[in-house]
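The values are calculated or read from the model by the stated rules, or taken from the named source; none is laboratory data. It should be emphasised that the depicted structure is a prediction, and the values quoted were computed from it without experimental measurement. Glycine gets a Cβ as well: all are built from the backbone with ideal geometry, and neighbour counts include every protein chain shown. The accessibility values were calculated without ligands, DNA or RNA, using every heavy atom of the protein model including side chains. Shrake-Rupley method; radii C 1.70, N 1.55, O 1.52, S 1.80 Å.
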Amino acid sequence: MAVDLLLGLQWGDEGKGKIVDVLTKNYDIIARFQGGPNAGHTLEFDGIKHVLHTIPSGIFHKNSMNIVGNGVVIDPVIFKKELEALNKYDIDIKSKLLISRKAHLILPTHRLLDAASETAKGKAKIGSTLKGIGPTYMDKTGRNGMRIGDLELSDWKEKYRALANKHEAMIGFYNVDIQYDLKELEAEFFDSINTLKVLSFIDSEEYLYQAQKEGKKILAEGAQGSLLDIDFGTYPYVTSSNTTAAGACTGLGIAPNQIGEVKGIFKAYTTRVGSGPFPTELFDKDGETMGRVGNEFGATTGRPRRCGWLDLVALKYAVQVNGVTELMMMKGDVLSGFKKLKICTAYNYKGKTISHLPYNIEAENVAPIYTEMKGWSQDLTKMTKAVELPNELNAYIDFLEKELEVPIKIVSVGPDRTQTIHR
Ligand code: GDP
Ligand code: IMO
Ligand code: MG
């Protein structure tokens, strides 16, 4: 039985949480494969908004099993808060949420190192979420990290101490003014590890292998987006994991020939939070309208998201790198009322017209070339069927499907679970 993937195709915050929640009824298992609490996945139903950071977005469904895979980095402090936020709902967390022994731990000093590194970079900072993601993945690939499975060993506190001491020396090396009380941070960390230990730690690759043999349906949930991928994103303004399809293989132990559908999700426009190039970014009233109507504030940090027109050059690249088989277009409702819509179909790159994503997309090298389309004025948020969608929106969708050569199967018209149109 194949494993399906759900991935963000832009700079994150495409609406992955919402769509995983919508699709969970078709799956037995939802498994997160990379990233950590830098992610903020929003779900809305029954008038309540939930934001998940590490816990897979299938957690609210009675019959789904949720797995935090080996490719994920876990901050026990944030994880504990996420669990507490779920306390008031009738969820049997212990039997519905399993954690890979091979997932890495974010230490308090990883967060401090993230802050020190960003401060030292000054204007060139990545605009990281300051959740310790970069330093934790650096320790993973540097072969120094601590894993969830270590917590089952008697000497884990000594291992912790040695690593934290090394980190403290490294923080000193940055020579920046970072205020912290490690004793306090550690008290919180050790306390939350006790909470984490209540859950089952598993060999998730073996679990998923057996589940596949039993014919269970598995959906792998991505975090961030393709343009934040450590290899294929807008480096160095990226996150520290592979957010693209290959990341699901390494982040869960799924063999490439077991991948089924690759569901790619994108906003009808573009947003980005944090630093880095963004060719179609708007600094005018249109961008301001997208941000206001779309309520574009980061689900993890609350920072305003930068907004701009849809970048088809970047989207094509993401479709290609991931092998997307089905598309989902989010937030079409936010574009209602725009008289004209622009889609970037090519770049002017150092004086030449190109239609692929070049090595460097900084503003001094790249200027977007736009196609204009007619907008629509209807409110989409109450629509439930594809036949209700305005002609201009259908033309927008048809144009994208033709360019991307992949069908758009879902059109999302609002944040709620029910505001989802299947085509
Ligand atoms: P994720 O990180 O990909 O899960 O996305 P986020 O949750 O960070 O950001 C998406 C935001 O858009 C959330 O606030 C969602 O509630 C909201 N959202 C999702 N789909 C739609 C939609 O179709 N229309 C509108 N207006 N909001 C949406
Ligand atoms: P979800 O899963 C949007 C961005 C940060 C920063 C860069 C590196 O909710 O889509 P990091 O903390 O990973 O070192 O930050 O990546 N970033 C995200 N932007 N959505 C996310 O996750 C993000 N996770 C990280 O803003 O620019
Ligand atoms: Mg998000």
Practice item. Return the residue satisfying two criteria in turn: it lies in the range 288-341 and is over 20 Å from Val51 (Cα atoms) and free of Cβ contacts under 8 Å to residues at least 24 places away in the same chain, and of such residues it is nearest to the chain's Cα centre (by Cα). Key: Gln320
Check your understanding: Scanning for something more than 16 Å from Thr243 (Cβ to Cβ), surrounded by fewer than 19 Cβ atoms within 10 Å (Cβ to Cβ) and away from ligand 3 (no atom under 15 Å from the Cβ), does the range 294-308 turn up at least one residue?
Key -> no
**Study point:** Boolean, Arg161 is charged (D, E, K, R) and more than 26 Å from Asp229 (Cβ to Cβ)
**Key:** yes
**Study point:** Any chance Leu52 is crowded, with 24+ Cβ neighbours inside 10 Å and more than 7 Å from ligand 1 (Cβ to nearest atom)
**Key:** yes
Point to revise | Selection from the range 242-261 of residues that are open to solvent by 10 Å² or more (accessible area, probe 1.4 Å) and either aromatic (Phe, Trp, Tyr) or touching a residue at least 60 places away in the same chain (Cβ under 8 Å) (or both) | key: Asn242, Ala245, Thr250, Gly253, Gln258, Ile259, Gly260, Glu261
Point to revise | Among residues of the range 36-49, those that are open to solvent by 40 Å² or more (accessible area, probe 1.4 Å) and not small (Gly, Ala, Ser), counted | key: 5
Check your understanding: Is it true that some residue in the range 72-80 is open to solvent by 10 Å² or more (accessible area, probe 1.4 Å), in contact with a His (Cβ under 7 Å, 6 or more places away or on another chain) and under 22 Å from Phe190 (Cβ atoms)?
Key -> yes
Practice item. Check Ile99, Ile106, Ile126, Ile148 and return the single one that is surrounded by 23 or more Cβ atoms within 10 Å (Cβ to Cβ), hydrophobic (A, V, I, L, M, F, W, C), touching a residue at least 24 places away in the same chain (Cβ under 8 Å) and over 20 Å from Glu188 (Cα atoms). Key: Ile99
